[in-house]
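Remarks on the structure that follows.
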Amino acid sequence: MTYHLPRRDMFKIAGGAFAGATLLSACGGSGGDPSSIEYWGAFPTPETEEYFRANFIDSFNSSTPHSVRMSTKQLTDLASLTDTAVSSGNAPDIIYSPGPTTSISYAQGLKTLELDDYATEYGWDERLLPWAAQLSRVEDRMYSVPTSYGSLVLYYNRAVFEENGWTPPTTRAEFEELCEDADSKGLIPVGAGNSGYPAQSEWYLTCLLNAAVGPNRLYDILTGARDWTDDSVVEAMEMMKEQLDKGWWGGGADRYFTNTDPDMCTGLATGDVAMYMSGTWSFSSMGTFFADSGNDPEDWDWAPLPSLSDDVEPGVYPLAIGTALSISSGSKDPDAAAAFLDHLVGDTGRSLGYLAEQGENPPPVAYESSDFPEGTDPRVQRLYEEIPASTNLGYASWTFLPPETNTALYTEFDKIITGDIEPAEYTEVLNSMFLQELGSGASPTPFTPQ
């Protein structure tokens, strides 16, 4: 079967780290009815722009008394341009954030409007998954609407696994056994690297922390009940350092800083990389790496993350908000802006059609099997059926950490790779920074583990 998943520029997607695969896209220029609301967006491909124009923009303008005027930005510039516009008082009516942390700062700075009345009018609290609705709140008031979400998983090549007699690992012992076997056969056991995009390391660290520390301890850390210097975090970082030194992650420290995300995806397709822990934004492009390297795009697959500790249940799904949209406090027509936000998240068929045709991550709402249109890649559909049914849900760093701590998570990690600091020192840096931000109210509120 042919699935409707277009070719993607992975570095453009990675440059926004969950900003690319979102419902933030827009079309057109800055012209149009000056009385209409203004919305900024960006596209990974022309095909996505065309699809979004027809199914979200044109449909809104033709079916409601409101009008939305579009201004297209570069995908890699959208967040910074928005931040500059908000700071200078020139923000569009609808304000983009690459996740809850930024939307919290806008709300605290009185740059965005409280949305509780609109949430009641449109039923957003009931429609959104509970954890996503909670992340949209600041001091128990809604200030943003999440329009896309995803997770991180373990990618693998089915043909390579069958050839070697491997199955996706579920425990630390199985993971290490597979890594040893792959290494002995000349494969990179686990793809990794951060060339061109330093924040790429947080993908792997999110996987590690959720699989080795686990959602329960992470919740305690995120709420301040447990320190980042907890033994479970130190031991997880020591384990990763040991595996890096063996060459299991990205081929080792000497290659880590030259490996790119496309390198690892291509290596997975060609059989040079055994496994790759990355985000579900790659669902829309993984088949392209297989096809471009002369391999069958049907051979890529994914599995939930293995457990890397006896204390953690296998199969955790770290949750991540890709885009959060708010209404500017300076909007001339907040009612129209709210109507457009509901147009983005309020129709299951429209959202899942976008997923099926363009591979764009849908809003965080519950979906039934019957909701997915014909042509949806079953590998993609499986994720969005399994997450709402799972009780093993974790935390993506860029969604649940305050900004400075999240930056330190991956920048200080570079020093572990090079041997400039020890894992215990690394956790002390994180702990000091996190406690400062937690005290200032800059940290998103995590959901309680189930």
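The values are calculated or read from the model by the stated rules, or taken from the named source; none is laboratory data. If you're wondering where the values come from, they're calculated on a predicted model, not measured in any experiment. FYI the Cβ positions are ideal-geometry reconstructions off the backbone, even for glycines, and counts take in every protein chain you see.
Restricting Tyr204, Tyr219 to residues that are surrounded by 20 or more Cβ atoms within 10 Å (Cβ to Cβ), part of a helix (DSSP H, G or I) and within 22 Å of the chain's Cα centre (by Cα) narrows the list to Tyr204. Just one residue in the set Ser331, Ser307 is surrounded by 18 or more Cβ atoms within 10 Å (Cβ to Cβ), in the same structural domain as Val160 (by TED's automatic domain parsing), in contact with an Asp or Glu (Cβ under 7 Å, 6 or more places away or on another chain) and of a type in the set (Ser, Thr, Tyr); that residue is Ser307. In the set Thr445, Thr407, only one residue is outside the structural domain of Trp248 (by TED's automatic domain parsing), modelled with pLDDT under 95 and touching a strand residue (DSSP E or B) at 6+ places or on another chain (Cβ under 9 Å); that residue is Thr445.
Residues that are of a type in the set (Phe, Trp, Tyr) and crowded, with 21+ Cβ neighbours inside 10 Å within the stretch 159-196 comprise just one, Phe175.
Could you tell me which residue of the stretch 164-201 is nearest to Trp300 (Cα to Cα), considering only residues that are among the polar types (S, T, N, Q) and assigned to a loop (DSSP other than H, G, I, E, B)?
Among residues in the stretch 164-201 that are among the polar types (S, T, N, Q) and assigned to a loop (DSSP other than H, G, I, E, B), the one nearest to Trp300 (Cα to Cα) is Thr167.
Out of the stretch 357-372, which residues are surrounded by 16 or more Cβ atoms within 10 Å (Cβ to Cβ) and either free of Cβ contacts under 8 Å to residues at least 60 places away in the same chain or out of contact with any helix residue (DSSP H, G or I) (no Cβ under 8 Å at 6 or more places or on another chain) (or both)? Let's see the steps before the verdict.
Step one: of the stretch 357-372, the residues surrounded by 16 or more Cβ atoms within 10 Å (Cβ to Cβ) are 357-365, 367, 371-372.
Answer for the stretch 357-372, where residues must be surrounded by 16 or more Cβ atoms within 10 Å (Cβ to Cβ) and either free of Cβ contacts under 8 Å to residues at least 60 places away in the same chain or out of contact with any helix residue (DSSP H, G or I) (no Cβ under 8 Å at 6 or more places or on another chain) (or both): Tyr367, Asp371, Phe372.
Among the conditions (1) free of Cβ contacts under 8 Å to residues at least 40 places away in the same chain; (2) in contact with a Gly (Cβ under 8 Å, 6 or more places away or on another chain), Ser293 misses just one, which is (2).
Just a yes or no: is a residue in the stretch 90-108 in contact with a Leu (Cβ under 6 Å, 6 or more places away or on another chain), farther than 19 Å from Gly441 by Cβ, buried (at least 19 other Cβ atoms within 10 Å of the Cβ) and in the same structural domain as Ile387 (by TED's automatic domain parsing)? Scanning the stretch 90-108, I find at least one residue that is in contact with a Leu (Cβ under 6 Å, 6 or more places away or on another chain), farther than 19 Å from Gly441 by Cβ, buried (at least 19 other Cβ atoms within 10 Å of the Cβ) and in the same structural domain as Ile387 (by TED's automatic domain parsing), so the answer is yes.
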